[in-house]
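Structure record follows, encoded as structure tokens.
Values quoted throughout were computed directly from the atomic coordinates according to the rules given, and no laboratory measurement underlies them. Because the structure is predicted, anything quoted here is derived from the model rather than measured. Cβ coordinates were reconstructed from backbone atoms using ideal geometry, including for glycine residues, and neighbour counts include every protein chain displayed.
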Amino acid sequence: MKIKSIKCVPLRGATAKGGWSNELKPEDSLHTLIEVVTETGLTGIGSVFTSSDLVEGSLQILNPLFIGESALEGQRLRECAEQSQFWRGRGGAITHTLSGIDIALWDILGKSTNQSVGVLLGGKYRNKIKPYASLLFEVPEKLEAVMQPALESGFKGIKLGWGLFGRQSSKMDEAMVKKAREILGDRSLMVDAGGSDGCWPNTYKWAINTADMLKDYGVDWFEEPLRPDDIFSYKKLREHSRVPISGCEVLTRRQSFLPWITEGAVDYIQPDVTKVGGISEQHKIAWYAYDFGIECIPHGWNTAVGLAADLQLVSAIPTANWVEYMRGNPYIDDLWLNTPKIDADGYLDIPNEPGLGINWNYDNIEKFSGILLKENY
Ligand SMILES: [Mg+2]
């Protein structure tokens, strides 16, 4: 089964806020879907965490490496493509775009063998997983309105991040966390400083003091408390913090994760399947981490396709407790036909159908992209 074409499908018009100091507008292109079509008409869908301009440019370089090749040998094609692009964007737009192609090829492999991606990754350790709702911090008076819809949907854990946290005062940080804990009761609370924000002002001393405060409110983990490249401070912080430390959502390529894992810089590692190089890379990172006692909790601030890939991944690693679920993002909520429901215990079923196991809402994909995709051509 040969690859016939690879299409760039930009999502625009409902791009969600990221909490960044340089905030996005709804019409900004930040997430781009990829459609891979085979000669038999079977298709797969992937997602890329970058603008459609960069994906279009990357596809000009990558298309000749994929078109006419076997759609069932995605890992080899992805690896060869990346190794051939040392001088043309490897680790950047090329790797981001390869993420989308890789996810789509896993989807095709699953559909053509009638197996879920989780089975093809070696087998399913679980059929359900707890999602946590990922939300942006607001001032204490506004937090209830931000958090209540997630609690009504059945989430048993909420992560609050970015906004004013770490950007105004330690007093404000504690007031927001205190209010969130009151609202949540004994449900799980995670805190994401968003240290990958541009010009993040805080360093180790702020992070260790803040970690101490978070421990008093029973926070499950403290995410991105430091600049994303500062592995030296992360190692110290992980050693001395009384709450678990998480990070690495901005890294690409499995090799970049190795020092963070082998040197013990985090307790939880958070590769993003839509930028790290796809399911193939994310799966390897999760296993490297597992062997060093670090749990993989996929970064999910992307699209429904990214979440679908994460669900398959967490089914196929021995230890997994959470997936990130970005609440209220139309590129997640509106792209499924069979939107996954959270059960009474706070779990999501992991699809068992072939490939990613999702029925996509092609009308809504067309609404955001202007491009009509199909399951089969
Ligand atoms: Mg984060």
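Counting only the backbone N, which residues of region 259-286 are under 15 Å from the spot 7 Å out from the Cα of Thr319 toward its beta-carbon?
So the set is 261-262, 264-270, 286.
Which angle from 0 to 90°, rounded to the nearest 10, does the C-alpha axis of helix 231-240 make with the longest principal axis of the chain?
50 degrees
How large is ³J(HN,Hα), in whole Hz, for each residue of region 372-377 in order, when computed from phi with the Karplus curve 6.51 cos²θ - 1.76 cosθ + 1.60 and θ = phi - 60°, using x for Gly and Pro?
8, 9, 9, 6, 9, 10
Just to check I understand the Karplus step: with θ = phi - 60° and J = 6.51 cos²θ - 1.76 cosθ + 1.60, what whole-Hz values come out for region 180-188, glycine and proline as x?
For region 180-188, the Karplus curve yields 4, 5, 4, 5, 7, x, 8, 6, 6 Hz.
Could I have the simple spin-label model distance between Asp186 and Leu258, label points 7 Å from Cα toward Cβ, reported in nm to one decimal?
Going by the 7 Å Cα→Cβ label model, 4.5 nm.
Under the definition of Cα pairs under 8 Å and six or more residues apart, what whole-number percent is the relative contact order of the chain?
20 percent
Please report how far the C-alpha centroid of region 61-121 lies from that of region 1-59, rounded to the nearest whole angstrom.
Using only Cα atoms to place each centre, the spacing works out to 15 Å.
Sticking with the crude label model, points 7 Å out along Cα→Cβ, report the distance from Asn202 to Tyr217 in nm, one decimal please.
Modelled inter-label distance: 1.1 nm.
Using a 10 angstrom Cβ neighbour count of at most 10 plus a DSSP loop assignment to flag exposed GluC sites (Glu not before Pro), which longest range of the chain is free of such sites?
Result, exposed sites excluded: 28-377.
For the pair Gln60 and Ser84, how long in nm is the line joining their label points, each one 7 Å along Cα→Cβ?
Between Gln60 and Ser84, the label points sit 1.8 nm apart.
Would region 55-163 count as rounded, prolate or oblate if I go by the C-alpha gyration tensor, calling it rounded below 1.5 in a/c and otherwise prolate when a/b exceeds b/c, oblate otherwise?
oblate
List the chymotrypsin sites (Phe, Trp or Tyr not before Pro) within region 1-89 that fall in a DSSP loop (any state other than H, G, I, E or B) and whose Cβ has at most 11 other Cβ atoms within 10 Å.
Loop-located and lightly packed - Phe86, Trp87.
Angle check, please: helix 52-66 long axis (alpha carbons) against the longest principal axis of the chain (alpha carbons), in degrees 0 to 90, nearest 10.
Roughly 40 degrees between the two axes.
Karplus couplings for region 259-272 from phi (6.51 cos²θ - 1.76 cosθ + 1.60, θ = phi - 60°), rounded to Hz, Gly and Pro as x?
Taking θ as phi minus 60°, the curve returns x, 5, 7, 5, 9, x, 8, 9, 8, 10, 10, 10, x, 9 Hz for region 259-272.
Scan around Lys159 for amide H atoms under 5 Å from its own, H built in the peptide plane at 1.01 Å from N, and keep only partners 5 or more places away or cross-chain.
Amide H to amide H, under 5 Å and 5 or more residues apart or across chains, Lys159 pairs with Ala133, Ser134, Leu135, Met190.
Considering only DSSP states other than H, G, I, E and B, which trypsin sites (Lys or Arg not before Pro) in region 24-94 qualify as loop sites with at most 16 other Cβ atoms within 10 Å?
Filter output for region 24-94: Arg88.
For region 279-377, which trypsin sites (Lys or Arg not before Pro) are in a loop by DSSP, counting at most 11 other Cβ atoms within 10 Å?
Those satisfying the criteria are Lys341, Lys374.
Could you work out [θ]222 nm for the chain from helices alone, using -39500 (n - 2.57) per DSSP H run of at least four and dividing by all its residues? Round to the nearest 500 deg cm²/dmol.
When only DSSP H runs of four or more count, the value is -12000 deg cm²/dmol.
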